[in-house]
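Undergrad: My structure is below; once you've seen it, I'll send some questions.
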Amino acid sequence: MLGQLPATIAPNCAILTSVKPSIAAATLRSSGWLSGQPERFQEALLARARLRFHAAGSTIFRIGDPPGDLCGLVKGELAVFITPEFTNPALIHMARPVWWAGELAMITGNPRRIGLVARKDSWVMHVPLAWIEKLARDDHETWRYVARIAAINLEHAISQGMSWQISDAQVRVALALGRLAASGPQPAGPVTLHISHGELGAMARLTRNAVTEILAQFEAAGLVRRNYRRLEITDVEALARFAAERIAHLEDLPG
């Protein structure tokens, strides 16, 4: 019989009372990967989860670390880094709430391929590797459920790679912003991202200056608002329509 204890707060880390374990668990079960898994698995997974607070700038785990916790973002924003061959770590994603990471190292037993850094104060649910292995011994479907995180992240990576083939620079920036906005729950109002123009450029395969010019055009059109190292998408749906219309126009062009 699997334990049904509530999620606990990990010791020796800063905790702010604005996020309670019960609320954190409900958030992760409301949307994203965990919400699509069987209820019995949701309850079992969270039974030994630990809610941790990570201050802005702190590292959750590094590239090359051994397999460890499965991490689900409850509140905040995480920078996701990867190291392509023979290059320095590169920012590939800005994760928003209900995003999960850590599954590949768990499944393969190999060192972590990505690194996570809190871009702003963040609350993360940590599920120990030993607990996942215990669940897998009791329920062989466990690894199938965990592997679905990898499938979600692979779809994101494929979408990013395909967008790089598009010649229209405005579309590439719009799609990059759309992927970032879609990585968490969709709020009724604007979506705020803590990202620089240079970082967004890396995601869209453009220079910082090119991104700055495009964002100025987007701001004039009412799609975004710019601040220092912070970008607000004022209308996610309008941005998606803009990208779709531009892509349709490109497809209609001869040869």
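Undergrad: Mind telling me which of the residues Pro21, Pro67, Pro84, Pro11 ends up being more than 19 Å from Leu193 (Cα to Cα), surrounded by 14 or more Cβ atoms within 10 Å (Cβ to Cβ) and at pLDDT below 95?
TA: Just one listed residue meets the conditions, Pro21.
Undergrad: I've got another one for you. Would you please list the contacts, defined by Cβ atoms under 7 Å and residues six or more apart or on different chains, that run from a residue in segment 115-129 that is farther than 19 Å from Lys20 by Cβ to a residue that is acidic (Asp, Glu) and buried (at least 21 other Cβ atoms within 10 Å of the Cβ)?
TA: Arg119/Glu77; Lys120/Glu77; Pro128/Asp69; Leu129/Asp69
Undergrad: How many residues does segment 72-94 hold that are in contact with a Leu (Cβ under 7 Å, 6 or more places away or on another chain), closer than 23 Å to Arg48 by Cα and not β-branched (Val, Ile, Thr)?
TA: Final tally of qualifying residues: 2.
Undergrad: Of all residues in segment 47-104, which are assigned to a strand (DSSP E or B) and among the aromatic types (Phe, Trp, Tyr)?
TA: If the condition is that a residue be assigned to a strand (DSSP E or B) and among the aromatic types (Phe, Trp, Tyr), then Phe53, Phe61, Phe81, Trp100 are the ones that fit.
Undergrad: Let me ask something else about it. Condition first: modelled with pLDDT under 95, crowded, with 21+ Cβ neighbours inside 10 Å, of a type in the set (Gly, Ala, Ser) and in contact with a helix residue (DSSP H, G or I) (Cβ under 6 Å, 6 or more places away or on another chain). Can you find one or more residues in segment 152-172 that meet it?
TA: yes
Undergrad: Okay, next question. Among the listed residues Thr27, Thr59, which satisfies the condition of being surrounded by 16 or more Cβ atoms within 10 Å (Cβ to Cβ), among the polar types (S, T, N, Q) and in the same structural domain as Glu141 (by TED's automatic domain parsing)?
TA: Among Thr27, Thr59, only Thr27 is surrounded by 16 or more Cβ atoms within 10 Å (Cβ to Cβ), among the polar types (S, T, N, Q) and in the same structural domain as Glu141 (by TED's automatic domain parsing).
Undergrad: Out of all the residues in segment 198-255, which are of a type outside the set (D, E, K, R), part of a loop (DSSP other than H, G, I, E, B) and more than 15 Å from Ala176 (Cβ to Cβ)?
TA: Passing the criteria: Ala221, Gly222, Tyr228, Thr234, Leu253, Pro254, Gly255.
Undergrad: Also, I was wondering about something else. Give me the pairs, please: first residue somewhere in segment 191-208 and within 21 Å of Glu237 (Cα to Cα), second residue anywhere and among the basic types (Lys, Arg), beta-carbon distance under 6 Å, and either six or more positions apart or on two chains.
TA: Going by the 6 Å Cβ cut-off, the qualifying pairs are His194/Arg119; His194/Lys120; His194/Arg230; Ala204/Arg172.
Undergrad: Another question, if that's okay. Give the residues of segment 134-148 that are closer than 21 Å to Ser35 by Cβ, surrounded by fewer than 16 Cβ atoms within 10 Å (Cβ to Cβ) and either free of Cβ contacts under 8 Å to residues at least 12 places away in the same chain or touching a Ser or Thr at 6+ places or on another chain (Cβ under 8 Å) (or both), sorted by residue number.
TA: Within segment 134-148, just Arg144 meets the criteria.
The values are calculated or read from the model by the stated rules, or taken from the named source; none is laboratory data. Here the structure is a predicted model, which means the values were calculated and not measured. When we count neighbours, we look across all protein chains shown, and the Cβ atoms used for this are built from the backbone with ideal geometry, even at glycine.
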